[in-house]
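Remarks on the structure that follows.
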Amino acid sequence: MNGEYEEAVKSTFVGSLKSVFLVDDAFPTYADMFGGEKTFETYPENDRARKLYSAFRERFLPCDIENTFTPGDLHMVERLRKCDLIVLDFHLDGEGGDNAKSVEILRKLADSPHFNTVVVYTNAKLEDVWFDVATNVRPDLRLATFLKENAKEAAWWEQVDVNKLLMPTSEALAAYLTGGISRVDRKQKGEMVKRIRETLGEGAGDPRIMVEILLRSALEKRRVPALKELDEKDELGPRPLQGKYGADKPHWLQCRGCFIAIVNKANVDDEVKVLMTGLTAALVDWKPNFLQLLVSEIQNRLELESVATDPRVFSEASRQVGLSHYLLEELAGNEDPESAVESVIDRIVETLRHRISGDRPMRELATKVLGDIRQHLGEKLTAGEILSRAAALAHVDHPIDSGAVVSFLNAFLSTETFAKSRITTGTIFGAGNDYWMVATPACDLTSRSPGTAQAWMKSIHPVRAMVAIRLQKANPVDALKRATQGRFVFVTRPTETLYLSLLDNMTSTPDPEIFFTLDAGKVVAAATGSLVFRAVRVLQAGNAPQFTQEAEFAVIGQLRPNYASRVLQLTGAHLSRIGIDFFNFGSDEDA
């Protein structure tokens, strides 16, 4: 990459750092420093700690120090997380001790929903540290779990003489850790399978599974025994991992909420320069793509905004009084304070969204970085299929499922995770294999009691009459081919993507239905963890309509505001249509 990109990486991920936490058992804490000369002298690296502390201060980075960690101490990890940069000694029980404590800290930081930047500072061989950390931040690659899922191959593993098999190389283990079994070199997998067959014959099980058992068994030797209980309780699922290592190259790992640079300790006057140089080199070698840079820069801008006290946003008296008036109006009747607060939050967040998207310096920075990236990638962004070019821009170098990518993109552009206290226009809900979308104006679904002019609605409050259009499951291929026609809804779920048709395929009209929501469509968490609301339907029973029993309906998604408004408009146009008295000739169909 050229200068603009590298400078953006440095400014976004390094220049934004505002505080540092040093974690080293050989360093005195501030309390130890004030405990007298005898206490201070008991720490073997007090002089190094003083130099690091002073050097970070000279760089305008406030610094804290911790020298003890008790396994399972979540409070200490929480303190660490609140600093922008964590410098962690890899052997917290001295150079002769093990790495169990530091590995547990890294594991908890990686599993945190917050982004953490860590420099692991060590005298050990960097490659060994890389593999130790990479293995232990991926409990989803445990051997015992995999054996339980593959009983036939597990029986083979119990009786096999491992010494007769071809064990995986470091390159194979690194590829497996960062990309799964598909990223391991095919030639090496083939050689491992060949040796397995030579040893056991053809009927011992699936050789591909046996190869994965060999890979996991090799990693198992690096697992920290102290994390066994934590691993068994793990429910976070797969941990996507990126990372690189190599002689005279940066050693780094990125897993979920953590970027880890691994740097050798150096006995020099300016150790902070060594740390920051190593971190910067690792971040540049990570090569975050354009979107990662942009999102990180947006986060930085949000952290720098003085929103609460900026008169251009909310601190001006007239604005505060006006918003307070709006809140009091929403609280009328004191029926649903949560909904009132939610409305105010929506307005504030929308204002912030416009402010961030209109930030000219950030747009100019992003434009320069994008130009630098386009120049660097050259023909990769102009030749070949469009998704291949998109993969190059995203720094993805492995095969992708084009259908899955476009399905995700359509879902991302049109729907979002439901996060309201009540259902609203565009809320997608279901019961069993039936799905609907709310097509009633949001103002008719509020918790406030209707006015006196709305006598019938007031008489049934808090029950609300609601129009919803029925959605039909669509063929994925057909939905993707006609996605730009606005006829389909794409909803990404943990186990599948739903492709739902908004309009009848023949008449292009919506299919509206009346529901009566209880408690004005209040959404609550069910015992299963899913979000639900209660409602009554009107269905045909014999020769007469009949109210159904009160039932729960699961909320599965929310159409974004612009799309929800379009559906509301389509439904309104359909419900207000005017019949024309003309007659077809030569057809049995009704007009």
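The values are calculated or read from the model by the stated rules, or taken from the named source; none is laboratory data. All figures in this text were calculated on a predicted structure; none of them were measured in a lab. Heads up, the Cβs are rebuilt from the backbone with ideal geometry, glycines too, and the neighbour counts pull from every protein chain shown. Surface accessibility is based on the protein's heavy atoms, side chains included, excluding ligands, DNA and RNA. Shrake-Rupley method; radii C 1.70, N 1.55, O 1.52, S 1.80 Å.
Numbers below:
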item	result
Long-range neighbours under 6 Å by Cβ, at least six apart or interchain, first residue loosely packed, with under 14 Cβ neighbours inside 10 Å and modelled with pLDDT under 90 within the range 282-310, second not hydrophobic (A, V, I, L, M, F, W, C) and not in a helix (DSSP H, G or I)	T309/S315
Only one of K152, K148 that is more than 23 Å from D234 (Cβ to Cβ) and in a helix (DSSP H, G or I)	K152
Leading residue by the ranking (farthest from A55 (Cα to Cα)) among those in the range 264-281 that are modelled with pLDDT under 90 and among the hydrophobic types (A, V, I, L, M, F, W, C)	A266
Test: residue in the range 9-20 that is assigned to a loop (DSSP other than H, G, I, E, B), more than 30 Å from G378 (Cα to Cα) and open to solvent by 50 Å² or more (accessible area, probe 1.4 Å)	yes
Within the range 511-538, tally of residues that are open to solvent by less than 20 Å² (accessible area, probe 1.4 Å), in contact with a Pro (Cβ under 6 Å, 6 or more places away or on another chain) and either assigned to a strand (DSSP E or B) or of a type in the set (S, T, N, Q) (or both)	0
Listing of helices (runs of 4 or more DSSP H) fully contained in the range 354-455 that carry 1 or more residues being closer than 22 Å to V477 by Cα	386-393, 402-414
Meets criteria (within 27 Å of G278 (Cα to Cα) and small (G, A, S)) for A154	no
Residue within the range 121-132 that is of a type in the set (S, T, Y) and at pLDDT 90 or above present	yes
Selection count, the range 219-236, where residues are at pLDDT 75 or above, part of a loop (DSSP other than H, G, I, E, B) and farther than 23 Å from V118 by Cα	1
Top-ranked residue in the range 210-257 [being among the polar types (S, T, N, Q) and open to solvent by less than 40 Å² (accessible area, probe 1.4 Å); ranked as farthest from the chain's Cα centre (by Cα)]	S217
Residue check, P288 closer than 15 Å to L141 by Cβ and in a loop (DSSP other than H, G, I, E, B)	no
Qualifying residue in the range 98-107 (condition: part of a loop (DSSP other than H, G, I, E, B) and out of contact with any Gly (no Cβ under 6 Å at 6 or more places or on another chain))	yes
Residue match in the range 89-99 (condition: open to solvent by less than 20 Å² (accessible area, probe 1.4 Å), under 28 Å from L241 (Cα atoms) and at pLDDT 85 or above)	yes
Single unsatisfied condition, D84 versus (1) more than 19 Å from A282 (Cα to Cα); (2) among the charged types (D, E, K, R); (3) under 24 Å from the mean Cα position of the chain (by Cα)	(1)
Number of the exception - R448 against (1) open to solvent by 60 Å² or more (accessible area, probe 1.4 Å); (2) in contact (Cβ under 8 Å) with a residue 12 or more places away in the chain; (3) out of contact with any helix residue (DSSP H, G or I) (no Cβ under 9 Å at 6 or more places or on another chain)	(3)
Set A564, A554: member being of a type outside the set (D, E, K, R), open to solvent by less than 20 Å² (accessible area, probe 1.4 Å), within 14 Å of W436 (Cα to Cα) and in contact (Cβ under 8 Å) with a residue 24 or more places away in the chain	A564
Subset of the range 40-59 [in a loop (DSSP other than H, G, I, E, B), open to solvent by 60 Å² or more (accessible area, probe 1.4 Å) and farther than 18 Å from I86 by Cβ]	T42, P44
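Each row is one residue, and each column tells you yes or no for (1) surrounded by fewer than 21 Cβ atoms within 10 Å (Cβ to Cβ); (2) of a type outside the set (A, V, I, L, M); (3) modelled with pLDDT of 90 or more.
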{"position": "F418", "(1), (2), (3)": "yes, yes, yes"}
{"position": "T424", "(1), (2), (3)": "no, yes, yes"}
{"position": "D444", "(1), (2), (3)": "yes, yes, no"}
{"position": "P462", "(1), (2), (3)": "yes, yes, no"}
{"position": "L471", "(1), (2), (3)": "no, no, yes"}
{"position": "L498", "(1), (2), (3)": "no, no, yes"}
